[in-house]
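Take a look at the structure below.
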Amino acid sequence: MKPLMLQGHERAITQIKYNREGDLLFSAAKDSKPNVWWSLNGERLGTFNGHGGVVWCLDVDWQSIHLITGGGDSSCRLWDLETGKNIATIKTNSSVRTCNFSYSAYQAAYTTDKAMGHPCEVFIIDTRTIDDSISSASSILKWEITDSKVTSMIWGTLDETIITGHEAGDLIQWDLRTGKKIHSIKEHSRQINDMQLSRDGTMFITASKDQTAKLFDTSSLELLKEYKTERPVNSAALSPILDHVVLGGGQDAMEVTTTSTRQGKFDARFFHLVFEEEFGRVKGHFGPINSLAFHPDGRSYASGGEDGYVRVQSFDQAYFDYTFDYNRD
Amino acid sequence: MKRSRDALFKNMWYIFVTKMPVADEIQSSWADEVEIDQGALPPPSEVVENGLKIVTEYKYDNDNKKVKIVRTYKIEKRVVSKSIAKRKTWSKFGDSAEDKPGPNPATTNVSEDVFMQFISSKEEAQRPDDSDLDGLKPPTSSVIFKCRTCQGEHWTSSCPFKHTQLAQTKANEAAKAAEAKAASSTNKYVAPNMREGASRGPGREPPGARRGDDVAAIRISNLSNFAVEADLDDLVKGFGPVHKLYLAKEKSTGLCKGFAYVHFKFKADAAKAIQTLNGHGYDHLILNVEWSKPPQNN
């Protein structure tokens, strides 16, 4: 199947996400305008104009009513999805690195960078009514991260915890009633670039600069599986219907021009969830893949790259017919 | 109640433009250019007929030539859930506010076909990272020269067995064997007609058939053109352990040339094979099996 190429951004893609039903695809990039697309035909629904710099992260609530974005212009913004209007803007002290709605969308969490003399902080805000008042309202909970900064974040089960991935490779699970650590582990040796939940939320996969992706249990942070590559992993996603994992990555953008290895290494790589073995690759991008997302129906996936393109690739029948060879003994 | 359901159905039918082949660029013919005055481009047109939307545009390209761009879209109707259908009715906003319904070619394109490459990780592990360059490097470990007497990794003149009985008996056959081996296994250039498996013309036998006198080799001829190694293996494995199989093949077509050599481990097995197979009907032909003759001196 021919992939759709979405050229809505002028700079490298930072994050892409589908909404819960999979009809909309959101993309954020290092330019200031996040985009939203109809995933089926790649038609652009609109752009969210308002940010004044890099947009690092975005998330959509489960009903596809609101969008939250965070960017390098030290702001976290909430948008109305239907009209693309900026409903609320939360000013922060430093750039916003991660932001996510909780599953119920009653709360949202965002984290800021350690920069400009300000520490890395985690904020939990109330998003039951989203209007101008949010801009001035104080957060429900906030706490400082003293060691390495947060580079990725997801909500845990039942909106009771959040899990943060750190620049030094730590994973920390926080109790939102107290703001205290529940679990803290260090399975990665370098920055955790991305974390994504499985469909049922019981597991999540991390993508790290230490060239591995790892699968963890959401409640106990127990390490379940490890997927090894020979390049930094920028993003990893779990298939909602099959035991498959897709990893995307590549050399650092700044190293691409100075290394002379053969072209490539920018392909999306498919691993078997259980056997941890690679079985397929899909080429396409001209630069490292920065973000990956499976369509909720599992029949296509999208990747956003350092080259500024989002590619929506539907799987061929060959992908569904493929069975992984293994010894049944 | 009924009315609201109708409204729902109406909501559920909407237009999705899914297929979008790459724009065909057709240079207008000289006749068109004469007819239409320079500078005036024909108006763009949009035709919707039997499920296809055909958009035709004209513009000037970089060389100031008129270019006709025809894009064909396939219009599909899909039944989806109510919430998705409702979202489909949203109007575009932001930078896309001015876009017409359907994908805007400025932001949405269809790229070349890309297929998933299926690999097994074992293959991957064995593949060297920069394999292209490795082939060019000279082999560092393998020794190019060999002692003709004892096959050791030293010159024949410095062989420790030089003056022993071994040297005397082995010298003749070892020289021959080493020569044949060298021709096939070293990195030296070997003329095509000298390579293993190549036809050596009438009066000669392929190098696969070379052997010492005690080797239990048989020659099977009058084989069918379509015989392959597996057939041959089936044919002879019943007689005993087989050391080597050689099926002469036409180089260009890969078809059997009608004869083959089989080296058994034991002479008795070979004799049994000759006895049984000679005159045996196989694939509508009658096989001719005999002892392989020693190579003729030439």
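Every number here is computed from the coordinates shown, using simple stated rules; none is lab data. Since the model is a prediction, treat every value here as computed from it, not as a measurement. Heads up, the Cβs are rebuilt from the backbone with ideal geometry, glycines too, and the neighbour counts pull from every protein chain shown.
Partner chain Cβ atoms within 10 Å, averaged over the residues of B:101-110 - can you pull that number for me? Please list the in-between numbers first.
Working: counts 1, 2, 8, 5, 1, 3, 11, 13, 8, 7.
Mean inter-chain Cβ contacts per residue within 10 Å come to 6.
Would you kindly state how much longer the chain becomes between B:GLU98 and B:SER111 on full extension, computed as 0.36 nm times their sequence separation minus their alpha carbon distance, in nm to one decimal? Walk me through the intermediate numbers first.
Working: separation 13, 0.36 × 13 = 4.68 nm, distance 2.43 nm.
Roughly 2.2 nm would be gained on extension.
Report the FRET efficiency, 1/(1 + (r/R0)^6), for B:PHE118 and A:ARG199, where r is their Cβ-Cβ distance and R0 is 22 Å, rounded to 0.05. Intermediate values should be presented prior to the final figure.
Working: r = 24 Å, r/R0 = 1.10.
The pair B:PHE118/A:ARG199 has a calculated efficiency of 0.35.
Would you mind ranking A:THR69, A:THR89 so that the residue whose beta carbon has the fewest other beta carbons within 10 Å leads the list? Numbers along the way, then the final one.
Values: A:THR69 27, A:THR89 16.
The order, fewest Cβ neighbours first, is A:THR89, A:THR69.
Specify the inter-centroid distance of the stretch B:99-113 and the stretch B:58-75, based on alpha-carbon positions, in whole Å.
Measuring centre to centre over Cα atoms gives 14 Å.
For chain A, what is the mean residue ellipticity at 222 nm derived from helices alone (per DSSP H run of n ≥ 4: -39500 (n - 2.57); sum divided by total residues; nearest 500 deg cm²/dmol)? Walk me through the intermediate numbers first.
Numbers: 2 runs with 9 residues, N = 329.
So the helix-based figure for chain A works out to -500 deg cm²/dmol.
Order of A:HIS118, A:HIS9, A:HIS166 from fewest to most other C-beta atoms within 10 Å? Don't jump to the answer; show the numbers that get you there.
On the way: A:HIS118 15, A:HIS9 25, A:HIS166 22.
The most exposed by this proxy come first: A:HIS118, A:HIS166, A:HIS9.
Length gain on complete extension for the stretch A:LYS91 to A:ASP131, per 0.36 nm per residue less the alpha carbon to alpha carbon distance? The partial results should precede the final answer.
Working: separation 40, 0.36 × 40 = 14.40 nm, distance 1.45 nm.
Gain on extension, A:LYS91 to A:ASP131, equals 13.0 nm.
Under 17 Å between alpha carbons: how many lysine pairs meet that in the stretch A:139-271, if sequence neighbours fewer than 8 apart on the same chain are excluded?
For the stretch A:139-271, qualifying lysine pairs total 16.
With contacts defined as alpha carbon pairs under 8 Å and 6 or more residues apart, what's the relative contact order of chain A in percent? Write down the numbers at each step before the final one.
Details: 938 pairs, mean separation 43.7, N = 329.
Relative contact order for chain A comes out at 13 percent.
Would you work out the relative contact order for the stretch A:51-210, in percent, from Cα pairs under 8 angstrom that are 6 or more residues apart? Walk me through the numbers before you get to the answer.
Values: 423 pairs, mean separation 21.2, N = 160.
With pairs under 8 Å counted, the relative contact order is 13 percent.
Excluding B:GLN275 itself, what net charge comes from residues whose Cβ is under 12 Å from its Cβ, given Lys and Arg +1 and Asp and Glu -1? The partial results should precede the final answer.
Numbers: positive: B:LYS272; negative: B:ASP269, B:GLU290.
Here the count lands on -1.
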